[in-house]
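Scroll down for the structure; my scribbles are underneath it.
The values are calculated or read from the model by the stated rules, or taken from the named source; none is laboratory data. In this text the structure is predicted, and so the values were computed from the model without any measurement. Virtual Cβ from ideal backbone geometry, glycine too; neighbours counted across all protein chains shown.
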Amino acid sequence: MAAVNPAISDIHADEHDHKPHGFLHRWLFTTNHKDIGTLYLVFSLTAFFIGGSFAMLIRAELFQPGLQLMQPEFFNQLTTMHGLIMIFGAIMPAFVGLANWMIPMMIGAPDMALPRMNNWSFWILPFAFLLLVMEVFLPGGGPQGGWTMYPPLALEGGANVAFMIFAIHLMGISSIMGAINIIATILNMRAPGMDLLKMPVFVWSWLITAFLLIMVMPVLAGAVTMLLTDKFFGTSFFHAAGGGDPVMFQHIFWFFGHPEVYIMILPAFGIISEIIPTFSRKPLFGYQAMVYSLASIAFLSCIVWAHHMFAVGMPLGGELFFMYGTMLIGIPTGVKVFNWVSTMWKGSITFETPMLFAIAFVVLFTIGGFSGVMCAIVPADFQYQDTYFVVAHFHYVLVTGALFGIMAAVYYWLPKWSGNMYSEKWGKIHFWSSVISVNVLFFPQHFVGLAGMPRRIPDYNVAFADFNMMSSIGGFWFGLSQFIFLGVIIHCVYYSRQRATAQVWEGARGLEWTLPSPAPYHSFSTPPVITDDMLAHGNVTH
Amino acid sequence: MISSGVMRVRRAVAGLAMAASGLALANPQPWQLNMPTGVTSISERVHGVHMLAFWVCVAIGVIVYGAMVYALFKFRKSRGAVPAKWSHNTTMELIWTTIPVIILVAMAWPATKLVVDMANVESSEMTVKITGYQWKWRYEYVEYFGKATPVNFVSTLDAESNRVRQTGSGLDPHSVQEGGENVYLLNVDKPLLLPVGVKVRFVITADDVIHSWWVPDLGWKQDAIPGLINGNWTRIDTAGTYRGQCAELCGKDHGFMPIVVKAVPKAEFEQWLATQESAAAAAKTAQAAPVATTATQG
């Protein structure tokens, strides 16, 4: 099975560690999965700080009632751009970066299947992002209609509508190419013996996510193209006066938007399913259930989109269908949480930084899941919809869910990438500072939402003042804490003197840990021979 | 500092006590933690399904987090825990897939009955048409017990809040008071007057962009969408003033188009409606007179 043509292997061996010379040559023309992964991750971190600074401005204005700092127009730009930047600039590219770095190493491949397309799909992104961010400096400013771009409001913008739509088109193309590459790699490049049902759960989560991306990104492209022609070419897809329907946009948008939510969380599920077994020193509980629950979450995510629209006036049957469908997602998600806890049960647990983030993920993502089930209940959602309760819900899912998953992954694999150990002390300081502040930031938002504070408002009644001030203090604290993260990464990559071993973590299983640290420029030039004890989930047949 | 903190706590406690005693709260209260029970049978049931879902989540949370905390203390390497080898338990997996199904059905059942009742606008006794504009609401009293009325008016943010909310006004939002309550951004020039104990049907639409009409004490919000007409209804049990806000981003002054519903006894409402009707009729004749002359000349 693992027999390799020695001639081919020799050629590969010759190329080993032939990094291109010169900064531009290496980073601009690179087709190497690790370099491209690094580019994605650096890009994502940059976008995270830009989107985060927008959030800081939002929280500064909401620090107390009354408008102190800005006009409402600018506030609306901030909320719109914060959403777009964090989703398309920070979270999604971070997961693609992790996929690029880890998937070839985890399945025993030398690189991604389509390396040139890989380069192209990354290098579209900075330009798309530039188009998006430069709008803020255009006359008339950036888009103010929210990241959901609901017409007719979104069409009231000026030139920024065109900029935003082209930026979204480019990001969509980039995502689709990234997804094609990941599917091609996983289906074609696995080392002999790496059967589908032996793949690490992170690889599974990305395989499923990639199919979701290919399914829904073209739908988003269609929706924004219709916005474009409505705005500039006289069509009336969404103009009621011309026979169009504003609600149709919402249906199309959320047909993309709900699977998108899972695009941003499934890879995090995968990461957590790698980290918890490592630091519990025990195989992942219920490997097959984990894979099947990923698949059923992905399927259900495609048929529940209108739960974002319970207040638009759907027919009774529609409200009930989307309520039941949404509640069902609680079941596979519950299975995942129970399986993570069972993995820790009777393990031998240690608390390195990746494990701390993984534990926080399980606890806090579950809070987001609870409020998600509450939002699924249609009559209750008539109250929750478009309030801070929903803001709290999706930030628990996306910040303490997706983002904590990414941070856990960075701490987990950084020693493998850089060959150095990060500072465990500062990693833990970053963790505790983040996990406390993020709750000070988002938990009170549940209360103001239930008390009646709508989202996307720049100013509010004094009754909401105390919790908003608390939330802002948590926000600034959380924002500042992320400079510790930046510091830990820079220190680890450039200054740390503590070398990482190949294994890095005592309980780590999986092919990536059989490579030296830092991982060689080309991962597996010859397919590795795989034994069951190399896999994080052990032997899945019993 | 301390005394103002104590005052705040007292006010919050007073608020909670009022909520508990069933008195209608017109405003959100400082440190308010939960959804208002509201002043209609529907809003009480909405609060009911909300609390049911909440306590189910709390119960599941106690079990899951309890198991997790136990594992994190008990199975530490530093306590000499030796990892087990197992990675499956079909019985357990079946149990924790089946029990959530039962819990979900138990939650969906009352919710379904409630959605069905909320959708039933039949046998309403009056109709109010609500139209959202950037950034105000128009209320048209279409009919009252089958009799058409010409009464309609526009309701916008009150002048005091509007003065204070200008960027850099330097004015204190705490100073915007009415009837001993702070009404900053929650007050209008003309509230929507409704009779107590009457089933009111709302037809809701918008003229420019999408808005959403929301009064938490009535238990629901409904999007106001240009080109579409949405229906909803309420029957208010208790007289009082109930405040809400537009809940769908609708442009720069989205945060500044509040909703105030004033529920009054039926007799008082009928008296008010009659006054409004005669005022509307007078205005109509005054307007129509020159038009009529031109028409005969033509």
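Hey, can you tell me all the residues within the stretch B:228-243 that are within 17 Å of B:ALA119 (Cα to Cα) and either assigned to a strand (DSSP E or B) or more than 9 Å from every other protein chain (Cβ to nearest Cβ) (or both)?
Filtering the stretch B:228-243 down to residues within 17 Å of B:ALA119 (Cα to Cα) leaves B:228-236.
Those that are within 17 Å of B:ALA119 (Cα to Cα) and either assigned to a strand (DSSP E or B) or more than 9 Å from every other protein chain (Cβ to nearest Cβ) (or both): B:ASN230, B:GLY231, B:ASN232, B:TRP233, B:THR234, B:ARG235, B:ILE236.
If you go through the stretch B:139-180 and keep only what is away from chain A (no Cβ under 14 Å), surrounded by fewer than 13 Cβ atoms within 10 Å (Cβ to Cβ) and part of a loop (DSSP other than H, G, I, E, B), you end up with B:PHE145, B:GLY146, B:GLY179.
Looking at A:LEU316, A:LEU284, A:LEU300, can you tell me which residue is facing chain B (nearest Cβ under 9 Å), surrounded by fewer than 22 Cβ atoms within 10 Å (Cβ to Cβ) and either within 16 Å of A:GLY401 (Cβ to Cβ) or not aromatic (Phe, Trp, Tyr) (or both)? Working first, answer last.
Numbers: A:LEU284 fails: surrounded by fewer than 22 Cβ atoms within 10 Å (Cβ to Cβ); A:LEU300 fails: facing chain B (nearest Cβ under 9 Å).
Residue meeting the stated conditions: A:LEU316.
Within the stretch A:351-386, the set of residues being at the interface with another protein chain (Cβ under 7 Å from one of its Cβ atoms), in contact (Cβ under 8 Å) with a residue 24 or more places away in the chain, of a type outside the set (D, E, K, R) and farther than 17 Å from B:LEU72 by Cβ comprises A:VAL373, A:ILE377, A:VAL378, A:PHE382, A:GLN383, A:GLN385. The selection criterion, being in contact with a Gly (Cβ under 8 Å, 6 or more places away or on another chain) and of a type in the set (A, V, I, L, M), holds for A:ILE457.
If you go through the stretch A:82-108 and pick out every residue that is within 13 Å of chain B (Cβ to nearest Cβ) and within 30 Å of A:GLY193 (Cα to Cα), you end up with 0.
Filter the stretch A:59-81 down to residues that are touching a residue at least 60 places away in the same chain (Cβ under 8 Å) and within 22 Å of the chain's Cα centre (by Cα) and give me whichever is farthest from the other protein chains (Cβ to nearest Cβ).
Taking the stretch A:59-81 and keeping what is touching a residue at least 60 places away in the same chain (Cβ under 8 Å), we get A:59-67, A:70, A:72-77, A:79-81.
So of that shortlist, the ones also within 22 Å of the chain's Cα centre (by Cα) come out as A:79-81.
Working: A:THR79: 8, A:THR80: 9, A:MET81: 14 Å.
Per the criteria, the residue is A:MET81.
Condition test on B:VAL209, is it touching a residue at least 40 places away in the same chain (Cβ under 8 Å) and at the interface with chain A (Cβ under 7 Å from one of its Cβ atoms)?
On the way: touching a residue at least 40 places away in the same chain (Cβ under 8 Å): yes; at the interface with chain A (Cβ under 7 Å from one of its Cβ atoms): yes.
Yes, satisfied.
Counting the residues of the stretch A:41-77 that are farther than 28 Å from A:MET407 by Cα and among the hydrophobic types (A, V, I, L, M, F, W, C) gives 5. Restricting the stretch B:181-200 to residues that are out of contact with any Ser or Thr (no Cβ under 7 Å at 6 or more places or on another chain) and facing another protein chain (nearest Cβ under 7 Å), which is modelled with the lowest pLDDT? Filtering first and then ranking leaves B:ASN182. Anything in the stretch A:183-222 that is surrounded by fewer than 22 Cβ atoms within 10 Å (Cβ to Cβ), free of Cβ contacts under 8 Å to residues at least 40 places away in the same chain and within 20 Å of the chain's Cα centre (by Cα)? List them, or say none. Passing the criteria: A:ILE183, A:ILE214, A:VAL219.
Of all residues in the stretch B:214-227, exactly one satisfies the criterion of being more than 7 Å from chain A (Cβ to nearest Cβ), in a strand (DSSP E or B) and over 14 Å from A:THR387 (Cβ atoms), namely B:ALA224. Checking each residue in the stretch A:468-520 for being in contact with a strand residue (DSSP E or B) (Cβ under 8 Å, 6 or more places away or on another chain) and basic (Lys, Arg) picks out A:ARG497, A:ARG499. When A:PRO246 is tested against (1) in contact (Cβ under 8 Å) with a residue 40 or more places away in the chain; (2) under 26 Å from the mean Cα position of the chain (by Cα), only condition (2) is not met.
Do the conditions hold for B:VAL64, that is, is it of a type outside the set (S, T, N, Q) and more than 7 Å from every other protein chain (Cβ to nearest Cβ)? Talk me through it step by step, then tell me what you get.
Numbers: of a type outside the set (S, T, N, Q): yes; more than 7 Å from every other protein chain (Cβ to nearest Cβ): no.
No; evaluated as a whole, the condition is false for this residue.
Residue count for the stretch A:467-476 under the criterion of being surrounded by fewer than 19 Cβ atoms within 10 Å (Cβ to Cβ) and either without any contact (Cβ under 8 Å) to a residue 12 or more places away in the chain or more than 18 Å from A:HIS82 (Cβ to Cβ) (or both): the result is 3. For the stretch A:437-457, state whether one or more residues are over 22 Å from A:LEU364 (Cβ atoms), more than 14 Å from every other protein chain (Cβ to nearest Cβ) and assigned to a strand (DSSP E or B). Within the stretch A:437-457, none of the residues are over 22 Å from A:LEU364 (Cβ atoms), more than 14 Å from every other protein chain (Cβ to nearest Cβ) and assigned to a strand (DSSP E or B). Just one residue in the set B:VAL82, B:VAL49 is at pLDDT 90 or above, part of a loop (DSSP other than H, G, I, E, B) and within 7 Å of another protein chain (Cβ to nearest Cβ); that residue is B:VAL82.
Selection of first residues in the stretch A:93-115 that are closer than 17 Å to A:ALA402 by Cβ and of second residues that are surrounded by 24 or more Cβ atoms within 10 Å (Cβ to Cβ) and charged (D, E, K, R), restricted to Cβ pairs under 8 Å at least 6 apart or on distinct chains, gives the following pairs, ordered by first then second residue: A:MET102/A:GLU512.
Annotation note: Cβ proximity below 9 Å between a residue of the stretch B:52-74 that is more than 15 Å from A:GLY369 (Cβ to Cβ) and a residue that is among the charged types (D, E, K, R) (sequence gap 6+ or interchain) occurs for B:ALA71/A:LYS346; B:PHE73/B:ARG79; B:LYS74/A:LYS346. The set of residues in the stretch B:110-138 being closer than 30 Å to A:ALA154 by Cα, buried (at least 19 other Cβ atoms within 10 Å of the Cβ) and among the hydroxyl-bearing types (Ser, Thr, Tyr) consists of B:THR131 alone.
Does A:GLY334 satisfy being touching a strand residue (DSSP E or B) at 6+ places or on another chain (Cβ under 8 Å), within 27 Å of A:THR387 (Cα to Cα) and within 9 Å of another protein chain (Cβ to nearest Cβ)?
Numbers: touching a strand residue (DSSP E or B) at 6+ places or on another chain (Cβ under 8 Å): no; within 27 Å of A:THR387 (Cα to Cα): yes; within 9 Å of another protein chain (Cβ to nearest Cβ): yes.
For A:GLY334, the condition - touching a strand residue (DSSP E or B) at 6+ places or on another chain (Cβ under 8 Å), within 27 Å of A:THR387 (Cα to Cα) and within 9 Å of another protein chain (Cβ to nearest Cβ) - is not met.
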